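Below is one structure, written out as structure tokens, with a few remarks after it.
Read the figures in this text as sums done on the coordinates, not as results from a lab. All values reported here derive from a predicted model rather than from experimental measurement. In this analysis, Cβ positions are derived from the backbone assuming ideal geometry, glycine residues included, and neighbour counts consider all displayed protein chains.
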């Protein structure tokens, strides 16, 4: 049974895509590990991209991620303000500091190959590195970016990056989770915490989860104050900052906490609250589209849903506390883990239902537990949220994580809140659909879905809006 940590489901990284940006970046770092001490003997490196990585890689910044990864930079700590200058230096100089050590000739245009007509069998997001050493020896490795920043090397099994050790509460399905909660008397977040103790201390886990929240809230705050157009050629204007100004008027503040209090003091009417939830989600995904620091939740394309719902919780429903944040994210992570184990969190495998749908289900469960819901109500909320995302296609215009992706995060956040409210006012014993049933249905739907609706930009809005990939 696969063991997935809360720190697997939530990863700090760089936008715009967990599968097409963060995944290839991490794959490049893994390839550097393979090269190891032979780095000073490398004469040439080439990368071959297949399937969805090839078709939407330009718009998703796959080439940029590969350059940064081969340079040895860490996506968690690399200064995103240096991305443009770093990439421009490589492109103009046609040289790369491999692993930050040896300078080698490297021309991205001729050494990164977008093989849009070719697929590898294991997963649509495939990439292969070919490295030539000074004695003509070739090192070849193939990786698959399977969604949410998870990377699998060819020949390995599909496991999380957390050490696979026996857990006190092994969970494969929602039924398992429900049973273990009943037997232990623990809420979902309590089960998660007990499992996390097998990997690290409770204090370390809490510190790491709260660091994730800090990145999320900073992303919201930054996005609500950034203006201009998003990169890529679609000329999409940022809207979060405009909405933020319109809602707050002339209120003054100088920090995130002062800003949050100003929002709260503005009222709690339906339209006002709705506008803010949309604003929070817009802010995160506008930052994501700008190659900024975000958290996979569980992916980058769906990174705005969970932060928006959590920000809604601590702004309009409850006082902000570390325990509340920890509970929300732990509960949400377990729901995401179930989807990853029994279906997918990759849009290239399952369409946008696998990203926005999963994130909405995760947020709905987290919100429900924080508002006093039972375990069964949490699972019911997750089921309702996903049920109303079933069949959602992934059709990014121009291969960019902008239209319709950014707005879809606002919809996912609102659906999560609605799902939570429905579950809190319902009797789960009378529910007709279980979470496990909807997870299976999502996976069945994913397998039936035409490939062109799975993050290829070959169908849907992507072909009905007159923007070509070459323009972006």
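So what's the stretch 267-388 giving for Cα Rg divided by 2.2 N^0.38 Å, two decimals?
On the way: Rg = 13.9 Å, N = 122, 2.2 N^0.38 = 13.7 Å.
It is 1.02.
Each Cα pair under 8 Å and six or more residues apart adds its sequence gap; the mean of these over the residue count of the stretch 211-297 is a relative contact order of 43 percent. Kindly provide the Kirkwood hydrodynamic radius of the stretch 188-329 in Å, to one decimal, from all pairs of distinct alpha carbon atoms. Evaluated on the stretch 188-329, it is 16.0 Å.
Put in line by how crowded their Cβ is, counting other Cβ atoms within 10 Å and starting with the fewest, 339, 31, 280, 129 read 129, 31, 339, 280.
Relative to the dominant Cα principal axis of the chain, helix 174-184 is inclined by about 60°.
The Cα atoms of the chain cover 68, 54, 45 Å along the three principal axes, with the biggest extent listed first. Residue order for 216, 449, 392, fewest other beta carbons within 10 angstrom first, comes to 449, 392, 216. Extension gain for residue 270 to residue 321 (0.36 nm times residue separation, less C-alpha to C-alpha distance): 16.0 nm. Under the simplified labelling scheme, the residue 176-residue 136 pair shows an inter-label distance of 5.1 nm, with each label point 7 Å from Cα along Cα→Cβ. The share of alpha-carbon pairs in the stretch 87-206 lying farther apart than 21 Å comes to 63%. For the chain, the longest principal axis of the C-alpha atoms and the axis of helix 51-60 are separated by about 80°.
Our summary gives the stretch 130-287 a relative contact order of 16 percent, counting only alpha carbon pairs under 8 angstrom and 6 or more residues apart.
Modelled label positions at residue 1 and residue 30, each set 7 Å beyond Cα in the direction of Cβ, lie 2.5 nm from each other. Legend: Rg and Dmax of the stretch 17-153, from Cα coordinates, 13.7, 38 Å. Here the contact order of the stretch 68-190, divided by its residue count and restricted to Cα pairs under 8 Å and six or more residues apart, works out to 11 percent. Computed from Cα positions, the angle between helix 256-265 and the longest principal axis of the chain comes to roughly 40 degrees. The Cα atoms of the stretch 1-57 define a convex hull whose projected area, averaged across directions, is 6.1 nm².
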